[in-house]
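Visitor: Please see the structure below; I have some questions.
The values are calculated or read from the model by the stated rules, or taken from the named source; none is laboratory data. A quick note: this is a predicted structure, and the numbers were derived from the prediction, not measured. Using ideal geometry, Cβ is built from the backbone for each residue, glycine included, and neighbour counts are taken over all protein chains shown. For the accessible areas, the whole protein counts, side chains as well, though only heavy atoms, and no ligand, DNA or RNA atoms are used. Shrake-Rupley method; radii C 1.70, N 1.55, O 1.52, S 1.80 Å.
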Amino acid sequence: MVCVSVIVVTLLLNSRLLISAENVVTCDGFVQHLSCDSGVIHVNSATFGRTNSNICSVGRPQGQTVNTQCSMDVPEVSKRCDGLSVCELNTQGLAGRDPCDGTYKYYTTNYTCIQAEKSVTCHGGYSYLECESGTIQVNSAHYGRTDKFTCSEGRPLSELQNSNCYSPNALAPVSKSCNGLASCELFATQTVFTDPCVGTYKYLRVSYFCLQTALRSSVICENANASLICEPGTVINIHTANYGRTDRSTCSVRKPASQIAKTDCYSSNAQAMVTDECDGINSCVLVASNGVFSDPCVGTFKFLYVSYSCFDH
């Protein structure tokens, strides 16, 4: 019952960005291993449960494998692994809850390896992201601590023990400061990012790539739809997608304050679903609704934000 890996597809998007999609299945209680020979990990989806009676079934009684209608999203995998070249996860208790008691479950993670630049900045320091050509597109950003070794020199052990420390809002300010620019400066401090673990010495880890083509974007208010369209002979490449709310002004006309107050609202499945729907084709129609995406903040009026570019077919 070891980890099973299946390579799905490899796409060359341009000379600087190579994405390879891979599925990894790991039986509950074992270590899940994600790795990129080159580039960094970007988790598209991660689920916990059972949708097949044969996977991870050796030595298990039939009663533990018969329920194949059991699945839940596990955002913790993305939090821990995005932006790393190698990520090992002890799956014991990783999901946080049991979606189907009495069924033996497994984790299924789909991720891509993106040829990205990496930056690590210890707490209190500054870092500079730069593209010699093109503009910055942030892939992942984490402020906290995910291991006991990074930025550990001269620090007492008590400040390094918590390696399950993630700021909930790191991606938004980094993306806002850097996306679309040739260079930008970042300050690793809790005055910019929420402090997720008081007493732990933290660091800012960012992965990004340099776009050689113009980045486009589309905003679709909740319960509306819109099309992404590329010129003839070119196809869509999705860079980012989020269904939720990250500011108070977008899609806010005639909305009560209570529906636009929350600005740290991110759907767990928007990136994967928009990519599946639109990547590699000339045009697609997207619907921004709770029926399509998971609802990340009940009572908040949401919008779908998508950034994409068009590449020669």
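Visitor: Taking Cys210 as meeting all but one of (1) in contact with a helix residue (DSSP H, G or I) (Cβ under 6 Å, 6 or more places away or on another chain); (2) under 30 Å from Cys310 (Cβ atoms); (3) not charged (D, E, K, R), write down the number of the exception.
Guide: Every condition holds for Cys210 apart from (1).
Visitor: Out of Asn67, Asn23, I need the residue that is open to solvent by 30 Å² or more (accessible area, probe 1.4 Å) and part of a strand (DSSP E or B). Which one?
Guide: Being open to solvent by 30 Å² or more (accessible area, probe 1.4 Å) and part of a strand (DSSP E or B) holds for just one of Asn67, Asn23, which is Asn23.
Visitor: I'd like to check something: does the range 156-165 contain any residue that is over 19 Å from Thr246 (Cα atoms) and in contact with a helix residue (DSSP H, G or I) (Cβ under 7 Å, 6 or more places away or on another chain)?
Guide: no
Visitor: Still on this structure: Leu181 passes all but one of (1) assigned to a strand (DSSP E or B); (2) open to solvent by 70 Å² or more (accessible area, probe 1.4 Å); which number fails?
Guide: (1)
Visitor: Among the candidates Gly124, Gly144, single out the residue that is in contact with a strand residue (DSSP E or B) (Cβ under 6 Å, 6 or more places away or on another chain) and open to solvent by less than 60 Å² (accessible area, probe 1.4 Å).
Guide: Being in contact with a strand residue (DSSP E or B) (Cβ under 6 Å, 6 or more places away or on another chain) and open to solvent by less than 60 Å² (accessible area, probe 1.4 Å) holds for just one of Gly124, Gly144, which is Gly144.
Visitor: Of the residues in the range 147-170, how many are part of a loop (DSSP other than H, G, I, E, B) and surrounded by fewer than 17 Cβ atoms within 10 Å (Cβ to Cβ)?
Guide: Counting residues in the range 147-170 that are part of a loop (DSSP other than H, G, I, E, B) and surrounded by fewer than 17 Cβ atoms within 10 Å (Cβ to Cβ) gives 13.
Visitor: Under 7 Å between Cβ atoms, which residue pairs at least 6 apart in sequence (or on different chains) link something in the range 149-164 that is basic (Lys, Arg) with a partner that is open to solvent by less than 80 Å² (accessible area, probe 1.4 Å)?
Guide: So the pair list comes out as Arg155/Tyr201.
Visitor: Collect the residues in the range 127-138 that are part of a strand (DSSP E or B) and open to solvent by 20 Å² or more (accessible area, probe 1.4 Å), keeping them in residue-number order.
Guide: Tyr128, Glu130, Thr135
Visitor: A further question on this structure: For the range 73-90, how many residues are closer than 22 Å to Arg50 by Cβ and either in a strand (DSSP E or B) or in contact with a Ser or Thr (Cβ under 6 Å, 6 or more places away or on another chain) (or both)?
Guide: Number of matching residues: 5.
Visitor: Residue under question is Arg216, and the condition is that it be open to solvent by 40 Å² or more (accessible area, probe 1.4 Å), of a type outside the set (S, T, N, Q) and out of contact with any strand residue (DSSP E or B) (no Cβ under 6 Å at 6 or more places or on another chain); does it hold?
Guide: Taking the combined requirement at face value, the residue does not satisfy it.
Visitor: Let me ask something else about it. When the range 232-250 is examined, which residues are found to be among the hydrophobic types (A, V, I, L, M, F, W, C) and either touching a His at 6+ places or on another chain (Cβ under 8 Å) or open to solvent by 40 Å² or more (accessible area, probe 1.4 Å) (or both)?
Guide: Val235
Visitor: Name every residue in the range 77-107 that is without any contact (Cβ under 8 Å) to a residue 24 or more places away in the chain and either within 27 Å of Gly144 (Cβ to Cβ) or crowded, with 21+ Cβ neighbours inside 10 Å (or both), in order of residue number.
Guide: Within the range 77-107, Gly93, Gly96, Asp98 meet the criteria.
Visitor: Just to be sure I understand, how many residues within the range 254-287 are more than 19 Å from the chain's Cα centre (by Cα), within 23 Å of Val138 (Cβ to Cβ) and open to solvent by less than 60 Å² (accessible area, probe 1.4 Å)?
Guide: Matching residues across the range 254-287 total 2.
Visitor: Anything in the range 91-126 that is among the charged types (D, E, K, R) and part of a strand (DSSP E or B)? List them, or say none.
Guide: Passing the criteria: Glu117, Lys118.
Visitor: State all residues of the range 288-299 that are touching a Cys at 6+ places or on another chain (Cβ under 9 Å), open to solvent by less than 30 Å² (accessible area, probe 1.4 Å) and at pLDDT below 95; if no residue qualifies, say none.
Guide: If the condition is that a residue be touching a Cys at 6+ places or on another chain (Cβ under 9 Å), open to solvent by less than 30 Å² (accessible area, probe 1.4 Å) and at pLDDT below 95, then Cys297 is the only one that fits.
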